[in-house]
1. Starting from residues that are in contact with a strand residue (DSSP E or B) (Cβ under 9 Å, 6 or more places away or on another chain), more than 26 Å from residue 191 (Cβ to Cβ) and not hydroxyl-bearing (Ser, Thr, Tyr), keep the ones in segment 145-171 and report whichever is surrounded by the fewest Cβ atoms within 10 Å (Cβ to Cβ).
2. Go through the residues of segment 49-69 one by one and say whether even a single one is part of a loop (DSSP other than H, G, I, E, B) and touching a helix residue (DSSP H, G or I) at 6+ places or on another chain (Cβ under 7 Å).
3. When you go through (1) crowded, with 18+ Cβ neighbours inside 10 Å; (2) touching a residue at least 60 places away in the same chain (Cβ under 8 Å) one by one for residue 117, which number turns out not to apply?
4. Go through segment 203-217 and give me each residue that's within 16 Å of residue 192 (Cβ to Cβ) and open to solvent by 100 Å² or more (accessible area, probe 1.4 Å).
5. Going by the conditions given, is residue 176 in contact (Cβ under 8 Å) with a residue 60 or more places away in the chain and more than 20 Å from residue 29 (Cα to Cα)?
6. Residues of segment 22-76 being surrounded by 13 or more Cβ atoms within 10 Å (Cβ to Cβ), among the β-branched types (Val, Ile, Thr) and in contact with a Gly (Cβ under 8 Å, 6 or more places away or on another chain), which ones?
7. Residue under question is residue 130, and the condition is that it be open to solvent by less than 20 Å² (accessible area, probe 1.4 Å), touching a Ser or Thr at 6+ places or on another chain (Cβ under 9 Å) and outside any strand (DSSP E or B); does it hold?
8. Read through the list (1) outside any helix (DSSP H, G or I); (2) under 20 Å from residue 110 (Cα atoms); (3) among the hydrophobic types (A, V, I, L, M, F, W, C), then give the number of the only condition that residue 137 fails.
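The values are calculated or read from the model by the stated rules, or taken from the named source; none is laboratory data. Quantities reported herein were computed from a predicted structural model and do not represent experimental measurements. Here the Cβ positions follow ideal geometry from the backbone for every residue, glycine too, while neighbour counts run over all protein chains shown. Accessible surface areas use protein heavy atoms only, side chains included; no ligands, DNA or RNA. Shrake-Rupley method; radii C 1.70, N 1.55, O 1.52, S 1.80 Å.
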Amino acid sequence: MRKISPVLLIFFVFFNICCQDTSFDVSAIVVGSDEKNYSLSNKKIFLQDISEDKKTVQYYSDENTGLRYGNIPLNRKMATRITVYKGKIGAVETYADEKHSLDFVRKIVQQQGKPVAGLTERVSLDRGQAKGIVDQLQKVDPEKTRWNGTGGRSFTYPSAFFWNDGRNYSILSITIENDGRIRNKYITLSREAYINNAVFGMKYPVPVQSPWYRYMK
């Protein structure tokens, strides 16, 4: 057997030490599971915010450096945030890179299955640009994706999906700008973390005027 030189061995050890815990697949996280499964506190890509009572830890990455959702890159301008409540994963909030927004939407909908509820919006775009987007969204939700009139510019699309499996809530929102940019946000959270106001940006109960009020009481 060929021996590895001491210098090369030292290089490999140094490389592993320096490069470990600098990347993370957000899609691997399961809400409700034990935080110890992921060793988030050992990752070099997360900042931490610990509550005064020590029950809640927010792990976040402002520029999503080293983060991905499966094979989909994340938005470098928006922060991914992972909430740990009482040692369990309480919530995951993330944003896909704009160029991969529709791939992300397709992935989440396939992963979550038929939504409990949803919203729609209307937008008008350049005809060629609109057709490409409509064709893709019709594969995701043909019932809520439709042309408005015969001009081939204005269309209605699914702007939000809501899921409730009895323990966790998940919301995927989609915004199509007039310039054709597509943005999204995905948050999945446990009911326990939600009702104890442990999730950043979520307030229990949601306002009565919220479209999700009847589903998140």
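1. In the first step, residues of segment 145-171 are kept if they are in contact with a strand residue (DSSP E or B) (Cβ under 9 Å, 6 or more places away or on another chain); the result is 145-148, 151, 153-164, 167-171.
Remaining after also requiring more than 26 Å from residue 191 (Cβ to Cβ): 145-148, 151, 153-157.
Imposing the further condition that a residue be not hydroxyl-bearing (Ser, Thr, Tyr) reduces the set to 146-148, 151, 153, 155.
Numbers: 146: 14, 147: 15, 148: 13, 151: 11, 153: 17, 155: 23.
Result: 151.
2. As a first pass, look at segment 49-69 and keep what is part of a loop (DSSP other than H, G, I, E, B): 51-55, 62-66.
The next check asks that each one be touching a helix residue (DSSP H, G or I) at 6+ places or on another chain (Cβ under 7 Å); those that pass are none.
The answer is no, given that none of the residues of segment 49-69 is part of a loop (DSSP other than H, G, I, E, B) and touching a helix residue (DSSP H, G or I) at 6+ places or on another chain (Cβ under 7 Å).
3. With (1) crowded, with 18+ Cβ neighbours inside 10 Å; (2) touching a residue at least 60 places away in the same chain (Cβ under 8 Å) applied to residue 117, the lone miss is (1).
4. If the condition is that a residue be within 16 Å of residue 192 (Cβ to Cβ) and open to solvent by 100 Å² or more (accessible area, probe 1.4 Å), then 203, 217 are the ones that fit.
5. no
6. Selection gives 31, 45, 56.
7. Numbers: open to solvent by less than 20 Å² (accessible area, probe 1.4 Å): yes; touching a Ser or Thr at 6+ places or on another chain (Cβ under 9 Å): yes; outside any strand (DSSP E or B): yes.
The answer is yes for residue 130.
8. Among (1) outside any helix (DSSP H, G or I); (2) under 20 Å from residue 110 (Cα atoms); (3) among the hydrophobic types (A, V, I, L, M, F, W, C), the lone unmet condition for residue 137 is (1).
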